[in-house]
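Engineer: First, the structure itself, so that you have it in front of you.
What follows draws every value from the coordinates through simple rules; no lab data is involved. Keep in mind that what you see is a predicted model, and the values were worked out from it rather than measured. With ideal geometry, Cβ positions are generated from the backbone for all residues, glycine too; neighbour counts draw on all protein chains shown.
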Amino acid sequence: MKTRSRNAGALAALACLALLSTKSFAEDLKPLTRIAPEFPREAAAAGADKGHVRARVTIEASGEVSRVEIVEANPRRLFDRVVVRSLSQWRYAAGAAGRTTDIDVEFQR
């Protein structure tokens, strides 16, 4: 019985530690440098006057973005290229490698 209560206490302590580290982890995911994407000519030529893209960025230990993945786009593929190019230039505070965050980008002409 004592082993179970010790395990429960250890699990509670780990859960609390995970919450604390998640908070500081989230604070590290605020960009220090942002480059805003421009409304692409291709979208204007296609008749689009607005759009939405959700992208997931992977951040290296140095704070540089190493990967940009398009998670959702409306309309599809019209804004993807400018979002990838722009978010690839964003910089974050140094921290753990492999951090990820989702970013919503709205376009309005």
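Engineer: For a quick check: with amide H placed at 1.01 Å from N, whose amide H comes under 5 Å from R67's, ignoring anything fewer than 5 positions away on the same chain?
Structural biologist: For R67, whose amide H was placed from the backbone, the distant partners under 5 Å are T58.
Engineer: Still on this structure, please answer the following. Can you tell me the dipole magnitude for region 31-108 around its Cα centre, using point charges on the Cβ only (Lys, Arg +1; Asp, Glu -1), in Debye to the nearest 20?
Structural biologist: 100 debye
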